[in-house]
Amino acid sequence: AHRGPWLSMEDPAMAAAQERVRHASLQELIEQLLQGSPSEKTNAALALQFLSLNTDKALAIVHTRNALRALLDVARSGGEEAQEYAAGAFAHLAVNEEAELAIARTEGVLETLAGLLCSDPDTVGEAVRLEACAALENLSFAPASAEAVSRLPQVLHAAMAMLCRGPQHTMERAAGLVQNLAAVADNRLVIARTPGVL
């Protein structure tokens, strides 16, 4: 499965992101991700998530120096809300095939998203794990990428756990990730043997 964005443009957060994009260039947003205060990093990550909804702007992001690295840094060590937006930006960017390849080639992205997905639900919120799952779903669409994601410890098991227990929108994303990973032969037996998945 390879899904597009699910954000509503009527979401107040998206309205705030639109306003921020009007007053800051892409390079300024990246600088805020790299060197801003925690609140600036959160707002910049949200703005990039908003920009990534547009194909041309998504490509501009992946071709801008330090953009993917800045998003990765926030996904790895930002506050929880900033992590959610950074993972969401990766999810939306990865809808585009060219952007998907650029992200997959950026060292540390898959591992960081896997870490968020597999985090303890008591310490990392559902929204962060949902965005990480969506990003990994879109990043595992191509067979080669599915192989790379499959090599990450516990990703398949975490996705199947979300599929069996999560809310409806979470289950849909988890189902897409499991479907993509099922393209890898070694995963099919694991999926078939897991109660409640099939």
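The values are calculated or read from the model by the stated rules, or taken from the named source; none is laboratory data. Being a predicted model, the structure only gives us computed values, none of them experimental. All Cβ positions, glycine included, derive from the backbone under ideal geometry; neighbour counts span all protein chains shown.
With respect to ALA89, is the statement that it is in contact (Cβ under 8 Å) with a residue 24 or more places away in the chain, crowded, with 24+ Cβ neighbours inside 10 Å and in a helix (DSSP H, G or I) true?
yes
Being in a loop (DSSP other than H, G, I, E, B), under 15 Å from GLU31 (Cβ atoms) and in contact with a helix residue (DSSP H, G or I) (Cβ under 7 Å, 6 or more places away or on another chain) is the filter here; which residues of segment 53-68 pass it?
Selection gives THR64, ASN66.
If you scan segment 111-154, which residues turn out to be crowded, with 18+ Cβ neighbours inside 10 Å and acidic (Asp, Glu)?
GLU131, GLU137
Anything in segment 43-94 that is under 17 Å from LEU110 (Cβ atoms) and of a type in the set (D, E, K, R)? List them, or say none.
Within segment 43-94, ARG69, ASP73, ARG76 meet the criteria.
Quick check on GLY166: is it buried (at least 18 other Cβ atoms within 10 Å of the Cβ), over 22 Å from SER52 (Cβ atoms) and among the small types (Gly, Ala, Ser)?
yes
With the condition kept exactly as written, say whether any residue in segment 107-127 is assigned to a helix (DSSP H, G or I), under 16 Å from LEU46 (Cβ atoms) and not polar (S, T, N, Q).
yes
Being over 20 Å from the mean Cα position of the chain (by Cα) and under 18 Å from LEU53 (Cα atoms) is the filter; apply it to segment 24-35 and report the residue that is modelled with the highest pLDDT.
Checked segment 24-35; the qualifying residue modelled with the highest pLDDT is GLN27.
Among the residues of segment 180-195, is there at least one that is under 27 Å from ALA82 (Cβ atoms), at pLDDT 85 or above and part of a helix (DSSP H, G or I)?
yes
Is it true that LEU177 is free of Cβ contacts under 8 Å to residues at least 40 places away in the same chain, part of a helix (DSSP H, G or I) and not basic (Lys, Arg)?
no
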